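Have a look at the structure below before the remarks.
The values are calculated or read from the model by the stated rules, or taken from the named source; none is laboratory data. Note that the coordinates shown come from a computational prediction; the quantities given were computed from them, not determined experimentally. Here Cβ is always computed from backbone atoms with ideal geometry, including for glycine, and neighbour counts include all displayed protein chains. In case anyone asks, the SASA skips ligands and DNA or RNA and just uses the protein heavy atoms, side chains included. Shrake-Rupley method; radii C 1.70, N 1.55, O 1.52, S 1.80 Å.
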Amino acid sequence: MLLVVGGAVAAISTRALLAACGAVAATGALAAEAPVIEMSIADIRTALLEDGVSCAAIIQSHLDRIGKYDRQLNSVIAVNPDALAAARALDALPRGAQRKLDLLCTPLLVKDNIDVAGMPTTAGSRLLADNVAPADAPTVAALRRAGAIPIAKTNMSEFAFNYKGASAVGGRTRNPYNILNSAGGSSSGNAAALAASFGVIALGTDTSGSLRVPAAVTGLVGLRPTHGTVDGRGVVPLSPSQDVVGPMCRSADDCLQVMRLIATPDAGAADEARSTPSLAETRIGVVRALFPEAPVYMREVDAFIERLRRAGITVQDVEIDDVQVLTGNIAPPGEQSKFASRSVFDFPPEFAAYLSGRRLAFNTYAEFELRLRALNAQGLEGDRVLADVASFGRNHEHRRDDDRYRINGAYRDVYVKARLDRALASFDFLMYPSVQGFNGTAANGPETGGTHRLSAYSGYPALAFPVGWAAPAAWAPLEPVGIELLGRRNDDLRLLKLLRQLEKQQAPRYTPPVMR
């Protein structure tokens, strides 16, 4: 479909046109950036290759949206000053060369703990303001080679420590569906910016739930890949045994294209070789014990389950042995300590190793903590981040005497995998929520109930996506209702292919009212 904006012809999907019409009704005039609302990778290819729209115009429209709306969201830390130059370079390519680029002119959002050449990688901290990346992280480089253009670095929970979505550099990220609400974390900026159509695809990280939680509260698709299938270099680390880089998108198809490009060759080939069952052959186990007692929320979930059954999928309830142990809510039998993220022990040495490879004014964890304290004394750094940094340092120093360190090593991983494998024995995937019901306030963040840990502690892939929309109260705006599917190792593409089939039966996305 074509739309004339400011004298130029632009491509726009039917879904985007409906959103644009909403803007006309609300304001009496069509907003200049309307054609890029909810654009997909395929929409952009059509616009450039068939409708004569320039890449520079697409990138400029996304930059304009950031300038117009981000003051409400705090989702972007920095825009890429070279984005328009990159767009013009793509415009200068012959048509044949453009057609070979799978992500031709796709605006890419990058969480600010992932390197983009020439831009600072701050992880939300003022102390890393001079941490200019000498090169792209391998994941960014792979997407750039395919034609994507990094358009902005996005805000995050500082150092990816929590789900609150606030940093000293970017402030507190807010949710486009309700700016009083959280955008989750730690990949909060990715989620808010993507939901607001500041970009088309996003790269984030997930140590425990940092891709899936923000995706869940902003109505997006967020994949935590199988641990080890995506190159993690060029990223500010937390814990190597849990850290992954993964995509966040508005559709399964877009995420599928991203994963095919960023998965390591061996992992990608192994995943592609696995057969994808038809809907009639697919079996999904619903872990009812992990869903909240929230009638309005559960109505949407149960309606989705009925749609699955009508599509021919076998859906049955399943129990996971010791599920409250796996989610970190109680200790294993005979033990005192609960399962928890290893980042509380691993961050100090991993971050020190990261610093040693960077040209900064400090390169030890002790000096990093001292400088953080100085900023805190000036009111330029939050108390919570400083307390976490100090606590993690003590944890690492005394780890051999800490029972939590023993419990959360190989013992934890074997324990979790064994119980998930038993539950998966009769199913292709397990279903549970990424967050417990509706979202939390911007200050408090969402509650997960520990479900994010199932994927993080097993290394198995998990996919968060929306299944409906509902209002938590009569006066409140609609919010996403989402679930998470967990598969076996190397089921990354199978999860996305299943969702791609399911999306054909789903209602259209609900565009945030303030962004229309």
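Between the entries [x] 360; [y] 167; [z] 144, the label attached to volume of the Cα convex hull per residue in Å³ calculated for this structure is [z]. Here the chain is treated with +1 on each Lys and Arg Cβ and -1 on each Asp and Glu Cβ, and its dipole about the Cα centre works out to around 440 debye.
Using just the alpha carbons, could you tell me how many Å³ per residue the convex hull of region 314-427 encloses?
Output value, Cα hull per residue: 171 Å³.
For the pair region 312-337 / region 356-412, the C-alpha centres are spaced 31 Å from each other. Entry note: region 233-392 has Rg to Rh equal to 1.07, where both radii use alpha-carbon atoms and Rh is the Kirkwood radius.
Give me the 1.4 Å probe accessible area per residue for the chain, excluding ligands and nucleic acids, in Å². List each step's numbers first, then the result.
Values: 19050 Å² over 516 residues.
Each residue of the chain exposes 37 Å² on average to a 1.4 Å probe.
Cross-link partners of Lys68 among aspartates and glutamates, defined as those whose alpha carbon lies under 18 angstrom from its own and excluding same-chain residues fewer than eight positions apart: Glu33, Glu38.
Summary of the geometry: region 158-178 and region 447-478, compared by the centres of their Cα atoms, lie 17 Å apart.
How much of the pair distance distribution for region 220-267 lies past 17 Å, counting alpha-carbon pairs only, in percent?
34 percent
Using +1 at the Cβ of each Lys and Arg and -1 at the Cβ of each Asp and Glu in the chain, identify which of Ala361, Thr106, Pro265 lies farthest towards the dipole's positive end. The one lying farthest along the dipole's positive direction is Thr106.
Under a 5 Å amide H cut-off, with hydrogens placed 1.01 Å from N, Ala117 pairs with Asp136, Ala137 among residues at least 5 apart or on other chains.
Within region 56-163, the ratio Rg/Rh, alpha carbon atoms throughout and Rh by Kirkwood, equals 0.99.
Would you work out what percent of the accessible area of the chain, with all protein chains in place, is carbon or sulfur (probe 1.4 Å)?
Looking at the chain in its full context, I get 53 percent from C and S.
Could you tell me the convex hull volume per residue, in Å³, taken over the Cα atoms of region 438-479?
Hull volume normalised by residue count: 91 Å³.
Adding -39500 (n - 2.57) for every DSSP H run of four residues or longer, then dividing by how many residues the chain holds, sets the calculated 222 nm ellipticity at -11500 deg cm²/dmol.
Which entries of Lys111/Lys497; Lys111/Lys338; Lys338/Lys417 show an alpha-carbon separation above 28 angstrom in the structure shown?
Checking Cα-Cα distances, Lys111/Lys338 exceed 28 Å.
Treating each Cα of region 172-254 as one equal point scatterer and applying the Debye formula with no solvent, the log10 of I(q)/I(0) at q = 0.13, 0.19, 0.25 Å⁻¹ comes out as -0.36, -0.74, -1.15. Taking the three principal axes of the alpha carbon atoms in region 386-516, the coordinate ranges are 53, 41, 22 Å, sorted in descending order. Think of the chain as having a plus end and a minus end, set by charges on the Cβ of Lys, Arg, Asp and Glu; of Ala425, Ser40, Ile179, Ser40 sits farthest toward the positive end of this dipole. A quarter of the convex hull surface defined by the alpha-carbon atoms of region 88-233 gives 8.9 nm² as the mean projection. Between the listed residues Val481, Ala464, Leu493, the Cα displaced farthest toward the positive end of the dipole of region 371-516, a dipole computed from Cβ unit charges relative to the Cα centre, is found at Leu493.
Could you order the peptides 57-64, 187-194, 151-158, 170-177 from most to least packed, using the average number of other C-beta atoms within 10 Å per residue?
Peptide ranking by packing, descending: 187-194, 151-158, 170-177, 57-64.
Here the contact order of region 337-408, divided by its residue count and restricted to Cα pairs under 8 Å and six or more residues apart, works out to 49 percent.
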